[in-house]
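What follows is one structure encoded as structure tokens, with my remarks underneath.
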Amino acid sequence: MSTPYLKTHEIDQIGVVTLNRESKRNALDESAIAEIDQYFSTIPSHIRVIVMAAKGDHFCAGLDLKEHHDQERSAVDFMRVCQSWHRAFDKIQHGGIPVIACLQGAVVGGGLELASAAHIRVADISTYFSLPEGTRGIFTGGGATVRTAKIITPNRMVEMMLTGRVMDIQEGLRLGLAHYVCNSPENPVSAYDFALSLAEKIAGNAPLSNYAIVSSINKISDMSATDGLFAEGLMAAVVQTGNDVQSRLNDFVNKRAHKVKPG
């Protein structure tokens, strides 16, 4: 019996999902994608935030190329594989629950596609990024042309795929592949502990506000300006009339809410 790709546990309102294929640098095969799809299709109702971590030195080395080689898939077969990745990763990005990816080591190919589906990316200083598909004679199939290209621009993605070069964490931070760098002189806390601290903070937000933020902003960015402004107004009308809005506004009016200030 094979070891499950995902290990899961909960810390109060935080769901922790750990990629658990260390011997393969957490490479993604068909069963791994099926497990990811299953988890993000059946998130318990009390979970407010998910932290996606990985066992071992690497977050994810991408598509399991050995499985791909051994299967000798037809074009139709591989199209179906790509669609299964799209379904699973769409549930991460558009499922309504904030997802924080905790990165280390290799975030390569399909691993970068998986990380790009998360809403916040917290990286260990050991993290590096690459899209080596050009050097492997393949093409991205897990959503990079939509998600990763939107983060770093299509032109930069073309360059990464053609050259297969490795991008270090500092360049990844500048381009938006990571939002925070940990285990560094400036931020000595571990990426996992930092991700959990962010998750605890986000879990304290109004659930409807969190849902709107992670469900609508990326979709609105794909709309025309006119449609996007209408969708934004409609979402604001729904959120601003939610059940806990009035109590939070009362805290602000009565000076009980925290002030926005640097540091």
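The values are calculated or read from the model by the stated rules, or taken from the named source; none is laboratory data. No experiment lies behind these values; they were computed from the predicted model shown. Cβ sites come from the backbone with ideal geometry, for glycine too, and all protein chains shown count toward neighbours.
Residue-by-condition table, conditions (1) in the same structural domain as Arg48 (by TED's automatic domain parsing); (2) among the aliphatic types (A, V, I, L, M); (3) in contact (Cβ under 8 Å) with a residue 24 or more places away in the chain; (4) part of a strand (DSSP E or B):
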position	(1), (2), (3), (4)
Ser116	yes, no, yes, no
Arg121	yes, no, yes, yes
Val158	yes, yes, no, no
Leu196	yes, yes, yes, no
Ala199	yes, yes, yes, no
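From the list Ile33, Ile97, pick out the single residue that is assigned by TED's automatic domain parsing to the domain that holds Val108 and either more than 18 Å from the chain's Cα centre (by Cα) or more than 24 Å from Ser130 (Cα to Cα) (or both).
That would be Ile97, the only listed residue that is assigned by TED's automatic domain parsing to the domain that holds Val108 and either more than 18 Å from the chain's Cα centre (by Cα) or more than 24 Å from Ser130 (Cα to Cα) (or both).
Which residue, of Ser130, Ser116, is within 14 Å of the chain's Cα centre (by Cα) and within 27 Å of Gln83 (Cβ to Cβ)?
None of the others qualify; the one that does is Ser116.
Applying the selection to the stretch 71-101, what residues are modelled with pLDDT of 95 or more and in contact with an Asp or Glu (Cβ under 8 Å, 6 or more places away or on another chain)?
Within the stretch 71-101, Ser84, Trp85, Arg87, Ala88, Phe89, Lys91 meet the criteria.
Just checking, how many residues over the stretch 160-194 are out of contact with any Gly (no Cβ under 9 Å at 6 or more places or on another chain), aliphatic (A, V, I, L, M) and in a helix (DSSP H, G or I)?
4
Being farther than 17 Å from Ala54 by Cα, small (Gly, Ala, Ser) and surrounded by 17 or more Cβ atoms within 10 Å (Cβ to Cβ) is true for just one of Gly111, Gly142, Gly96. Which residue is that?
Checking each option against the conditions leaves just Gly142.
Determine whether His58 is on the phi < 0 side of the Ramachandran plot, surrounded by fewer than 17 Cβ atoms within 10 Å (Cβ to Cβ) and either of a type outside the set (A, V, I, L, M, F, W, C) or assigned by TED's automatic domain parsing to the domain that holds Val17 (or both).
Taking the combined requirement at face value, the residue does not satisfy it.
Counting only residues that are loosely packed, with under 14 Cβ neighbours inside 10 Å, over 21 Å from Gly109 (Cβ atoms) and in contact (Cβ under 8 Å) with a residue 12 or more places away in the chain, how many does the stretch 160-194 have?
0
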